Amino acid sequence: MSYITYPHFGPMTLLFKSIFQEMEVPEERIINPHTPNKHTLDIGSKHSPEWMCTPFKLSLGSLIECIDRGANHVFQIGGIGTCRASCYGPVQRVITEELGYKVKYTNIDYHKPMDMLRDLQSVSNNFNTWQALGALRKIWVKNYSLDLVEHLINFYRGVELEKGETDRVAKEVHNKIFSLHRVKEIKEFHKLIPKMFEDQVEIDEYADPLKIGIIGEIYVVLEPMLHLNLYRRLNDLGVICRNTVSLKKFTDLPAKVNPFVKEYYKLYRDKARPYMQQYAGGDGQESLGATILLREMGWDGMVHVWPFSCMPELSAQSIIPSISDDYGMPVLPLIVDEQTGEAGFQTRLEAFIDMLKIKRESERNGKPVEKISWNTFNYD
Amino acid sequence: MSKGFNNQRSKKRKKRVGFPRGLLYYYFKDMWETFFVKLGAEVVLSSPTNKITKERGVLETLDDECYSTKLYHGHVLELEDKELDYLFVPRFASRKKLEVGCPKFVALADILKYTKKNLPPIIGPYYSTSRENHGFWRLTKIVFEIGFKFTKNPLRIIRAAILALRAHRKAQDELIISEETLEKWERSEILLNDPPINNDGEDLLKVALVGHNYVLNDDYASLGVRKKLQKLGVDLITSQQMPKNLIKRQLLRLSMIDYGLEFPEPEKLPLQELEKHLVGRNDYLYFEFEHDIVGTAMHYLENQKIDGILMLVNFICGPVSVSMEYAKHFAKKIQSETPLSILTLDAHTGEAGFQTRLEAFCDILRMKKNKGFVPEAAEKESDLLLKNWS
């Protein structure tokens, strides 16, 4: 009997959970990872190679916790990649084997959607390809809604009048999304989500908040344990923010097939072309492109988070100073690893935001404060 | 009059192309040098790594770049004021379907362009088989694009390209030994590198030196490890000399879960079968320059015909962190008796400390070899340490 598990991945863990639910794997055979804590990271970094990137350590920790709870079939990334991300599955297999666990690994190559489908099909309740595709379709549709909710939270929490209101609505919306099982229902609900936030959360329309984009490695940008609740910290300082990476990059099949739709990350890559000609793994090129794009839309600054020893982001970080100079866009680099302290993090953020405020005042030239709403903030 | 004279002289002057002596240069130097020389260009090399290179490079780069990249920046800075027409920094990603280089090589040209002020135009062709499916036509395109910068004669370009490939193949043939030669070396019948200096009639040690080409062949970066070992009476083989076929066989085994002792020979297996082994399970060490390292370590850990394995890695190298884990795991898994030592190099490694470690390594190997064994007390202590660790 195989008990399936998968590593924790920020808010997208809910998506992975629902993949297996849609594939009609019995409830008791899915072992869902808990929200990681310090202990998880400690186990992970104890057993990983010293120089491996931090996402590897956290995902290993969360896998080991799940295996201790009885899982014996792991889904992890594998295949032929550009940076070390595609090594995660093979290397973690080696490590867990050394620790004495008997675990089967299914390594998913996210470059090949059809292989991904076949791998998932193999654990499903005898689904044929068509049924499996139907199940996967619900996932990418849910992913749109989940992304939208993330953006809405990071907007409303920065300008809400009554603290905690946004989180309450967000929880409500999350529960609703994952209780729906038909694509049509999910799509209808998707249209209602911005309205729900607008009706239920009261905002200060003339707060004139700073607008900050968050770029960096996808795992760190999405995982609150690693970025130390960066979004909440920024929101508490009265800033609205937005992340520029999304799991859509890998799961959005219709956009990949449709020649008339340009995927969001390709837009960033085109922007980054003069600075980094070719894709060099991870999200390095996207980070550069997003900085340029958001500056052109009048955003105030960027925060660049990446795990220690990440190769693609390091390349990006070497080039970012020249983009900063050319476009006048301030970028705060933050490196995270298993030993990052919260206090230092907070101080740097506060200092950065004070500087941004001074810069904005000097550039204002007597312009009146604009009224803000979700529609002026959203750029999708 | 004087203007015309100047023009004539500038026509006669050969165009100068700069090569930083670092990273990929150590893998492809024969190919690149032959190609540019046959095109009629003058190749300007930076001097071998020295203290100034290191210090300038360390100052120029971010703290968590790997040591070799830091040195590379130092080499580029040296070339800055040599009146070059071009700088050659290829964006090399991969040359086979299942193999990938280091992601830093792709972005290197762009990083140099935006961090250094006075650089000449960079020639940086992009080549990636694994992502973009590049092959013969892409190579032809690159060759002509570069060639027309130096000459207008297409025949000359083709000739240069063919000679370059031939030079590369010849150099590889000279460097890489066959399996028969390897067996001869293992039986101590021949020497492969410089003869070791035998002092006080001590036994010769046989050690495999494992690491990237740009670490092992750079005397300054590796702190002269080859000469040091030679003086300690060590008969060396380096990972770059190992037969490719053997390495591939070991790697193939790595992705078979139980490491069965019988493994298929890659040459005899049909391609489809091979792909089923590797691709279908998505479990393969795809970093091309790690293959030598892991394969050599695995081979000697298993056959136990030599005294020790010395792995030289430079600090915070990304792909090496993966291959180190594989080598360590394999040693534990098959309970190998051959010692494997991993030494880390970075900008602050002291020469004296390094020498001490090498001497200690050789002493332990000798103790083990002379049947005196490692003294009992030391063995007990190491057992205790191992227990506490695991």
Legend entry - Search result, residues across segment A:297-312 that are facing another protein chain (nearest Cβ under 10 Å) and touching a Phe, Trp or Tyr at 6+ places or on another chain (Cβ under 8 Å): A:Ser309
Inset, instruction - Could you identify the single residue in A:Asn107, A:Asn143 that is within 30 Å of B:Ala107 (Cβ to Cβ), touching a residue at least 24 places away in the same chain (Cβ under 8 Å) and away from every other protein chain (no Cβ under 14 Å)? - result: A:Asn143
Inset, instruction - Please give the helices (runs of 4 or more DSSP H) falling wholly within segment A:1-103 in which 3 or more residues are modelled with pLDDT of 90 or more and more than 13 Å from chain B (Cβ to nearest Cβ). - result: A:38-47, A:54-68
Inset, instruction - Give, as residue ranges, the helices (runs of 4 or more DSSP H) completely inside segment A:263-380 that count at least 3 residues that are at pLDDT 90 or above. - result: A:264-272, A:284-296, A:311-327, A:342-364
Inset, instruction - Search segment B:97-117 for residues that are farther than 17 Å from B:Gly57 by Cβ and more than 7 Å from every other protein chain (Cβ to nearest Cβ) and pair each with any residue that is in a loop (DSSP other than H, G, I, E, B) and of a type in the set (Ser, Thr, Tyr) when their beta-carbon atoms are under 9 Å apart and the residues are at least 6 apart or on different chains. - result: B:Glu99/B:Tyr286
Inset, instruction - Run down B:Leu71, B:Leu59, B:Leu23 and say which single residue is assigned to a helix (DSSP H, G or I) and buried (at least 21 other Cβ atoms within 10 Å of the Cβ). - result: B:Leu71
Inset, instruction - Output the number of residues of segment B:150-161 satisfying the condition of being crowded, with 16+ Cβ neighbours inside 10 Å and either under 23 Å from the mean Cα position of the chain (by Cα) or not hydrophobic (A, V, I, L, M, F, W, C) (or both). - result: 1
Inset, instruction - Please work out which residue is farthest from the other protein chains (Cβ to nearest Cβ), limiting yourself to segment B:118-149 and to residues that are crowded, with 17+ Cβ neighbours inside 10 Å and farther than 26 Å from A:Ile319 by Cα. - result: B:Gly147
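So that you can scan it fast, the table gives a plain yes or no per residue for (1) of a type in the set (Asp, Glu); (2) within 24 Å of the chain's Cα centre (by Cα); (3) assigned by TED's automatic domain parsing to the domain that holds B:Asp283; (4) under 17 Å from B:Met31 (Cβ atoms):
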{"residue": "B:Glu83", "(1), (2), (3), (4)": "yes, no, no, no"}
{"residue": "B:Arg91", "(1), (2), (3), (4)": "no, yes, no, yes"}
{"residue": "B:Leu98", "(1), (2), (3), (4)": "no, yes, no, no"}
{"residue": "B:Asn118", "(1), (2), (3), (4)": "no, no, no, no"}
{"residue": "B:Glu145", "(1), (2), (3), (4)": "yes, no, no, yes"}
Inset, instruction - Determine whether A:Ile67 is β-branched (Val, Ile, Thr) and without any contact (Cβ under 8 Å) to a residue 40 or more places away in the chain. - result: no
Legend entry - Candidates A:Lys249, A:Lys187, A:Lys256, filtered to the one that is farther than 25 Å from A:Ile358 by Cβ, under 23 Å from the mean Cα position of the chain (by Cα), of a type in the set (Lys, Arg) and outside the structural domain of A:Lys371 (by TED's automatic domain parsing): A:Lys187
Inset, instruction - Tell me which of these A:Leu192 doesn't satisfy, since it passes every other one: (1) hydrophobic (A, V, I, L, M, F, W, C); (2) over 22 Å from the mean Cα position of the chain (by Cα); (3) not in a helix (DSSP H, G or I). - result: (3)
Inset, instruction - Scan B:Ala327, B:Ala352 and give me the residue that is crowded, with 19+ Cβ neighbours inside 10 Å, in the same structural domain as B:Val225 (by TED's automatic domain parsing) and either among the hydrophobic types (A, V, I, L, M, F, W, C) or not in a loop (DSSP other than H, G, I, E, B) (or both). - result: B:Ala327
Inset, instruction - Please list, ordered by first then second residue, the pairs with beta carbon atoms under 6 Å, 6 or more apart or interchain, first in segment A:1-24 and under 20 Å from A:Asn175 (Cα atoms), second acidic (Asp, Glu). - result: A:Gly10/A:Glu223
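The values are calculated or read from the model by the stated rules, or taken from the named source; none is laboratory data. These numbers were taken from a predicted model, which means no experiment stands behind them. Methodologically, a virtual Cβ is constructed for each residue, glycine included, from the backbone with ideal geometry; neighbour enumeration extends over all protein chains shown.
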